[in-house]
């Protein structure tokens with residue numbers, strides 16, 4: 001598995017990225033009209049959630065549920081002291097999918113020049129080139 005030093009290194013890198021991206025989002029976001037305001041913050045931070053999801057991809061596990069229950073809950077409780085249940089984690093990770101994709105795109109997949117998934121829906125001819 002991944003060493004404690006690497007986990008800390010991943011977390012620091014992801015935390016710096018999340019801090020920057022949240023500042024940009026807060027600065028450029030439109031105001032919402034929703035009346036429902038949730039005041040309580042989740043126990044796990046956005047950086048911790050993304051770190052756990054990235055660690056899953058570096059692990060040898062095939063199933064995320066087994067990874068979280070068997071490895072994270074038992075062996076990484078020292079690194080992540082405020083772990084939540086698996087069901088709650090699945091609910092929380094939905095909020096972090098876009099920042100995780102941006103992080104991976106910018107740091108591990110090269111220069112971010114656009115959104116290739118959106119291009120597939122806009123231009124149907126790309127589907128045929130992908131399928132060939």
Practice task
Only residues in segment 38-63 that are surrounded by fewer than 11 Cβ atoms within 10 Å (Cβ to Cβ) count as the first member; pair them with residues that are modelled with pLDDT under 85 and assigned to a loop (DSSP other than H, G, I, E, B), Cβ under 7 angstrom, at least 6 apart or cross-chain, and list the lot.
Solution key: none
Fill in the blank from the handout: Restricted to segment 64-87 and to residues being in contact (Cβ under 8 Å) with a residue 40 or more places away in the chain and in a helix (DSSP H, G or I), the residue surrounded by the most Cβ atoms within 10 Å (Cβ to Cβ) is 71
Exercise for the section: Report yes if some residue within segment 109-117 is in a helix (DSSP H, G or I) and either closer than 25 Å to residue 8 by Cβ or at pLDDT below 80 (or both); otherwise report no. Expected result: yes
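The values are calculated or read from the model by the stated rules, or taken from the named source; none is laboratory data. What you see is a predicted model, and the numbers here were worked out from it, not measured in a lab. Because the Cβ atoms are built from the backbone with ideal geometry, glycine has one as well, and the counts that use them run over all protein chains shown.
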